[in-house]
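Structure, as structure tokens:
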Amino acid sequence: MNRRNFLRNTGIGAAGLTLGALPQNLYAWDDFATISILHTNDIHTHVEPFESSNPQYKGNGGLAKIAALAKSYRQKNPDTLLFDAGDMFQGTPYFNYFKGELIFKLMSEAGYNAGTIGNHEFDNGLNGILEPLPHAKFPLINSNYNFSDTILAGKFPRWKIFRQSGIKIGVYGLGIALSNLVSTTNIGNTIYNNPLKTALEMETFLKNDKKCDLVICLSHLGLRYNGNKISDMVIAAETSLTDLIIGGHTHTFLEQPIETKNKAGKPIIVNQAWWGGLVMGQIDFIFERNKKKKETVFATNLS
């Protein structure tokens, strides 16, 4: 069986989702590019595994485990990007003592390529974000918070493009409404813009104007809610050009990523990686190099 037929038979049509790990020999195929997306959310400054006294998570989780998994994955595939969907701050004594400095330093050492902003990043006010920010050697992308009238003006890009083996990956970020979650004194003059309207703007810009081959949303909206509150599943259903939504906020455990249909009736993947470093999400997108056409997707959650 040739390579193209193999991909068609393992996928669900073009850009189909195949659950489980990617066959390792695909990384060596010169006529295909495999872009591996690894991701976390809601780390909450869990640097080390949960204590043995924790009845539910004892000995599991932690950023150290995520860093080791990411390093191992990058050894298999250099075209790997590592993202985080927010709430890096708050949750352990490490944050109480070091504030945001330590987690930014350790995530930088782990090789994160980008993250977005969660509501707990505001727990120590705007200064609590600004002061440790130089220690983050990766961009925090947010597209729907307007910080122009605050001390954080100009600190967060609305989008970022990564280039891996000739493939352009465009990333935008969405944050949750901060009212009722964060004190007004902690957000200052930060303006919250509608995340769905923002997603439609950003995906069109990245796909059509910037000609990205893959469009990814880093979201701290939450997976789904009862009622009309905007969530990852709402964004997935109402957008047409976003390929992957990496979510956070609701600490959702998924045995496998969700494949659903977007507004155009095409596949879109939504995933969330639990919390505290207990799980790392992994999505492999395979492209024909010459045509830059997505052939199939392999997806799983690593623990």
Would you point out the residue of segment 284-293, among those that are modelled with pLDDT of 80 or more and part of a strand (DSSP E or B), that is surrounded by the fewest Cβ atoms within 10 Å (Cβ to Cβ)? E288
Within segment 86-101, the residues that are in contact with a His (Cβ under 9 Å, 6 or more places away or on another chain), surrounded by fewer than 21 Cβ atoms within 10 Å (Cβ to Cβ) and not in a loop (DSSP other than H, G, I, E, B) are Y94, E101
Considering residues of segment 171-189 that are in a helix (DSSP H, G or I) and out of contact with any Leu (no Cβ under 8 Å at 6 or more places or on another chain) only, the residue nearest to I245 (Cα to Cα): T184
Please find, among T300, T242, T296, the residue that is touching a strand residue (DSSP E or B) at 6+ places or on another chain (Cβ under 9 Å) and either in a loop (DSSP other than H, G, I, E, B) or modelled with pLDDT of 95 or more (or both). T242
Condition test on I283, is it in contact (Cβ under 8 Å) with a residue 12 or more places away in the chain and out of contact with any Asp or Glu (no Cβ under 8 Å at 6 or more places or on another chain)? yes
Looking only at segment 245-278, and only at residues there that are in a loop (DSSP other than H, G, I, E, B), without any contact (Cβ under 8 Å) to a residue 40 or more places away in the chain and touching a strand residue (DSSP E or B) at 6+ places or on another chain (Cβ under 6 Å), the one that is nearest to G175 (Cα to Cα): T252
Do we find a residue being crowded, with 21+ Cβ neighbours inside 10 Å, assigned to a helix (DSSP H, G or I) and in contact with a helix residue (DSSP H, G or I) (Cβ under 7 Å, 6 or more places away or on another chain) anywhere in segment 215-234? no
Every residue in segment 235-283 that is closer than 23 Å to S165 by Cα, buried (at least 23 other Cβ atoms within 10 Å of the Cβ) and of a type outside the set (S, T, Y), please. D243, L244, I245, I246, I268, I269, G281, Q282, I283
Selection from segment 80-108 of residues that are more than 16 Å from the chain's Cα centre (by Cα) and over 17 Å from L130 (Cβ atoms): G91, T92, P93, Y94, N96, Y97, L106
Would you confirm whether or not segment 118-134 contains a residue that is surrounded by fewer than 21 Cβ atoms within 10 Å (Cβ to Cβ) and more than 26 Å from N180 (Cα to Cα)? yes
Members of segment 107-161 that are touching a residue at least 24 places away in the same chain (Cβ under 8 Å), part of a helix (DSSP H, G or I) and farther than 18 Å from A68 by Cα: N119, H120, E121, F122, G125, L126, N127, G128, I129, L130, L133, H135
Top-ranked residue in segment 63-80 [being in a helix (DSSP H, G or I) and touching a Leu at 6+ places or on another chain (Cβ under 8 Å); ranked as farthest from L106 (Cα to Cα)]: Y73
Tell me whether segment 190-203 contains one or more residues that are surrounded by fewer than 24 Cβ atoms within 10 Å (Cβ to Cβ), β-branched (V, I, T) and part of a loop (DSSP other than H, G, I, E, B). yes
Residues to consider are F83, F104; find the one that is at pLDDT 95 or above, assigned to a strand (DSSP E or B) and surrounded by 23 or more Cβ atoms within 10 Å (Cβ to Cβ). F83
Of L206, L196, L200, L174, which residue is in contact with a Cys (Cβ under 7 Å, 6 or more places away or on another chain) and farther than 18 Å from I129 by Cβ? L206
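The values are calculated or read from the model by the stated rules, or taken from the named source; none is laboratory data. Since the model is a prediction, treat every value here as computed from it, not as a measurement. When we count neighbours, we look across all protein chains shown, and the Cβ atoms used for this are built from the backbone with ideal geometry, even at glycine.
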